[in-house]
Amino acid sequence: MPELWSTGWVAPLAVLVALALDRALGEPPARWHPVVWIGHCLSFMGRRVAPPAGTTRANAARALAGGALAWCLGAALVVLVAQALVWAMSGWPWWIQALAAGVLLKPLLAWRMLRDEVSAVEDALGGSLAAGRARLAWLVSREVGAMDATQVRESAIESLAENLNDSVVAPLFWFAIAGLPGAALYRFANTADAMWGYRGERNGRDWTWAGKWAARADDVLSWLPARLTGALLGLLGAAPRWRTLAAQARRTPSPNSGWPMAAMALALDVRLAKPGVYELHGAGRSPQAADTAQALRLAGRVVAALTICALLWAALAWREVP
């Protein structure tokens, strides 16, 4: 691993610390949250690279170049800060390194918040359709005003599956590959895609070209983790074989989000759809409240499997110590 950890088991122990902190405490306050800081930075840059809505296509090349340059500068800053923190920790005792790295990794993943938000949608939907729609609006960016109860539940389960990758599996994957800078870079890319990766107008600005680089960068960094998430959901949920999963995943316009969503649909034997865009496992039944609970349990199994992997990683690293 391209980090200056004093021993090989610091990184897996940091993963365990981060998952334990997430379970016990959830998200840090917004003023101390690095992803919130990244969001502020992206918002500042976005106002300068995305042209006002209605601008002619003559500005397309300028918007594309500006968005790419701003993304690269932001990504470089995030990676440099993360690497500087790693260098600062390199001389510390291994157990302090593990604790500090776990504290720094925790804000880059968010399982407890995701679980609680999806549960809140189901609880609100049990009260009224209007309450369910209002709570779902906290979780997704799509229009919720015309959704019926089935669509609200489908959207919540889809968001759970997709964000299981974006908020848990992918940050840990890149931490395992490239340490804290890798996890930080992924979180920056995923946040940039969420804020910039739109086709068309949003908040009075045209992101068709300004956000294209951010969208493609997130596609690249999410490619392997999304398939890993789909494989874990399929394995732990006893979903059909890989070929069936792959065929369903390709029904979505995204090269990545279809994998965890299709795996969830197949494992639960439910239909998940976004009207006019895609339909996953169309032969499945409409999801019910019990299916949301089952989806949360299945996602929890994936997090538990990742915890076991971190324990095995730590054990193997321990055995290699002379």
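The values are calculated or read from the model by the stated rules, or taken from the named source; none is laboratory data. As the structure is a computational prediction, the values presented were derived from the model and not from experiment. We place every Cβ from the backbone using ideal geometry, glycine too, and count neighbours over all the protein chains shown.
Details
- Pairs are defined by a Cβ separation below 7 Å, a sequence spacing of at least 6 or placement on different chains, a first member in region 130-141 that is in a helix (DSSP H, G or I), and a second member that is at pLDDT below 95; the pairs so defined are ARG133/VAL144; ARG133/GLY145; LEU136/VAL144.
- Region 193-207, subset in a loop (DSSP other than H, G, I, E, B) and either more than 22 Å from the chain's Cα centre (by Cα) or modelled with pLDDT of 90 or more (or both), residue nearest to ALA75 (Cα to Cα): GLY197
- Pair list, Cβ under 6 Å, 6 or more apart: region 70-93 residue in contact (Cβ under 8 Å) with a residue 60 or more places away in the chain, other residue surrounded by 14 or more Cβ atoms within 10 Å (Cβ to Cβ) and polar (S, T, N, Q): MET89/GLN97
- You will find that of TRP94, TRP71, the residue that is aromatic (Phe, Trp, Tyr) and over 25 Å from the mean Cα position of the chain (by Cα) is TRP94 and no other.
- Answer from GLU143, GLU154 - the residue that is among the acidic types (Asp, Glu) and buried (at least 23 other Cβ atoms within 10 Å of the Cβ): GLU154
- Filtering region 97-122 to residues that are surrounded by 23 or more Cβ atoms within 10 Å (Cβ to Cβ) and either of a type in the set (Ser, Thr, Tyr) or over 23 Å from the mean Cα position of the chain (by Cα) (or both) leaves GLN97, ALA98.
- Residue ID - surrounded by the most Cβ atoms within 10 Å (Cβ to Cβ), chosen from residues in region 277-317 that are touching an Asp or Glu at 6+ places or on another chain (Cβ under 7 Å) and among the small types (Gly, Ala, Ser): GLY284
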